[in-house]
Amino acid sequence: MAKDPVRVLVTGAAGQIGYALVPMIARGVMLGADQPVILHMLDIPPAAEALNGVKMELVDAAFPLLKGVVATTDVVEACTGVNVAVMVGGFPRKEGMERKDVMSKNVSIYKSQASALEKHAAANCKVLVVANPANTNALILKEFAPSIPEKNISCLTRLDHNRALGQISERLGVQVSDVKNVIIWGNHSSTQYPDVNHATVTTPSGDKAVRELVADDAWLNGEFISTVQQRGAAIIKARKFSSALSAASSACDHIRDWVLGTPQGTWVSMGVYFDGSYNVPAGLIYSFPVTCANGEWTIVQGLPIDEFSRKKLDLTGEELFEEKALAYSCLF
Ligand code: NAD
Ligand code: LMR
């Protein structure tokens with residue numbers, strides 16, 4: 001029997017990421033090839049005409065799984081009944097800016113859209129914040145939507161996770177699908193800590209540690225980390241626009257694994273509201289290694305953290321507390 005459609009909200013749907021993301025969702029990349037969807041697309045009035053153009057293209061593409069499209073500039077209409085909300089709406093940074101430089105414009109959007117989601121989304125709606133500063137926007141959304149369960153609000157660090165997999169795959173000349181269990185700790189910013197201490201590569205003779213195969217700690221503790229941390233800036237420099245297809249694809253990965261589960265023996269990175277795991281002070285949306293099953297994420301516990309890593313976990317946590325304070329100062 002055919003499944004009932006799932007309603008998926010994409011805010012900022014007339015923008016770059018939105019344009020890459022909505023066809024992926026309509027093709028089943030996010031929720032599975034047997035899951036019909038109804039797309040809710042929100043943008044602001046100046047983008048209404050472009051948004052309507054995206055709707056026309058979705059109709060023209062005749063996606064078999066797409067059972068309806070709501071294209072609107074009305075936040076309440078956009079949020080009503082949605083089961084999944086991908087929050088992309090906001091302003092991207094330009095060359096030379098840090099992601100927190102778009103803070104004042106973006107956090108107020110997340111404060112106001114929090115209440116619309118809280119009042120009008122389906123119970124148990126899963127929320128993914130993509131717009132920067134992603135962790136802090138997600139935190140503001142959580143704080144201003146107190147009736148949405150904390151476990152349902154997350155931010156995107158899967159793009160950083162995928163970037164780390166990509167760098168290891170390029171360095172070793174192995175398939176990216178054979179690399180697993182990298183970790184992105186902390187903020188989706190240049191203080192994030194991409195950690196390969198527990199990462200492995202599947203080889204014909206079993207799983208091997210990335211550190212052993214790369215055999216170059218100077219690279220792993222230096223250039224590898226800074227390349228992943230600075231990849232967003234490198235894309236902006238090259239394209240003059242921030243990443244879009246990789247962001248859209250990673251957003252699909254994030255929701256797919258959250259809803260359908262992570263493969264056995266594999267974890268992924270998600271920005272989540274947490275309980276003080278790994279001695280990171282609670283009260284933030286911080287990226288951790290997680291496994292997912294039955295629609296719930298669980299932080300992978302008990303991984304040893306060496307002194308080098310400890311410093312990096314603390315540094316990115318400190319930046320998140322600073323961002324939180326800055327966000328509140330922008331809101332009040
Ligand atoms: P974009 O400017 O192309 O699109 C953003 C869209 O949001 C625009 O259409 C704009 O009209 C719309 N918008 C603005 N205010 C809105 C509001 N109040 N409600 C609904 N829509 C609104 O930008 P983009 O390249 O698509 O990037 C979107 C965001 O995602 C940026 O903040 C960017 O920095 C961020 N980003 C995050 C990641 C990540 O990994 N977390 C990766 C890439 C980009
Ligand atoms: C990215 O990581 O590509 C995005 O967060 C965009 C940016 O500003 O870097």
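The values are calculated or read from the model by the stated rules, or taken from the named source; none is laboratory data. As the structure is a prediction and not an experimental result, all values here were calculated from the model. Please note: Cβ atoms are built from the backbone with ideal geometry, for glycine as well, and neighbour counts cover all protein chains shown.
A few remarks follow.
- Residue that is at pLDDT 90 or above, part of a loop (DSSP other than H, G, I, E, B), outside the structural domain of D253 (by the TED database) and over 16 Å from the mean Cα position of the chain (by Cα), where the choices are A123, A116, A131: A123
- Every listed requirement among (1) more than 14 Å from ligand 1 (Cβ to nearest atom); (2) in contact with a helix residue (DSSP H, G or I) (Cβ under 6 Å, 6 or more places away or on another chain) is met by G271 save one, (1).
- Answer from G96, G90 - the residue that is in the same structural domain as N52 (by the TED database), more than 21 Å from L245 (Cα to Cα), assigned to a loop (DSSP other than H, G, I, E, B) and within 16 Å of ligand 2 (Cβ to nearest atom): G96
- Of the residues examined, N221 is not one that is within 23 Å of L284 (Cα to Cα) and in the same structural domain as F274 (by the TED database).
- Residues that are crowded, with 21+ Cβ neighbours inside 10 Å and either closer than 15 Å to K312 by Cβ or of a type in the set (S, T, N, Q) (or both) within segment 270-289 comprise Y286, S287, F288, P289, listed in sequence order.
- Only one entry in P194, P204 is crowded, with 22+ Cβ neighbours inside 10 Å and either over 28 Å from F274 (Cβ atoms) or not aliphatic (A, V, I, L, M) (or both), namely P194.
- If only residues of segment 218-251 that are in a loop (DSSP other than H, G, I, E, B) and more than 12 Å from ligand 1 (Cβ to nearest atom) are counted, the one that is nearest to I153 (Cα to Cα) is Q230.
- Residue count for segment 147-195, restricted to those that are of a type in the set (A, V, I, L, M) and either within 11 Å of ligand 1 (Cβ to nearest atom) or within 18 Å of K312 (Cα to Cα) (or both): 6
- Selection status of E49, out of contact with any Cys (no Cβ under 8 Å at 6 or more places or on another chain) and at pLDDT below 95: no
- The residue of segment 122-144 that is surrounded by the fewest Cβ atoms within 10 Å (Cβ to Cβ), among those that are more than 15 Å from ligand 1 (Cβ to nearest atom) and farther than 19 Å from E323 by Cα, is A123.
- Members of segment 1-44 that are β-branched (V, I, T) and more than 11 Å from ligand 1 (Cβ to nearest atom): V6, V8, V22, I25, V29, V37, I38
- Some residue of segment 166-174 being assigned to a strand (DSSP E or B) and in contact (Cβ under 8 Å) with a residue 12 or more places away in the chain: no
- Restricting attention to segment 60-87 and to residues that are of a type outside the set (G, A, S) and touching a Pro at 6+ places or on another chain (Cβ under 7 Å), the residue that is farthest from ligand 2 (Cβ to nearest atom) turns out to be K67.
- The set of residues in segment 289-308 being out of contact with any Gly (no Cβ under 9 Å at 6 or more places or on another chain) and not in a loop (DSSP other than H, G, I, E, B) consists of P289, V290, E296, W297, T298, I299, E307, F308.
- Of the residues making up segment 177-200, those that are under 20 Å from P92 (Cβ atoms), among the hydroxyl-bearing types (S, T, Y) and within 16 Å of the chain's Cα centre (by Cα) are S189, S190.
- Selection over segment 188-217 of residues that are assigned to a helix (DSSP H, G or I) and in contact with a strand residue (DSSP E or B) (Cβ under 8 Å, 6 or more places away or on another chain) gives a count of 2.
- Lone qualifier among G96, G81 - being modelled with pLDDT of 95 or more and either of a type outside the set (D, E) or buried (at least 24 other Cβ atoms within 10 Å of the Cβ) (or both): G81
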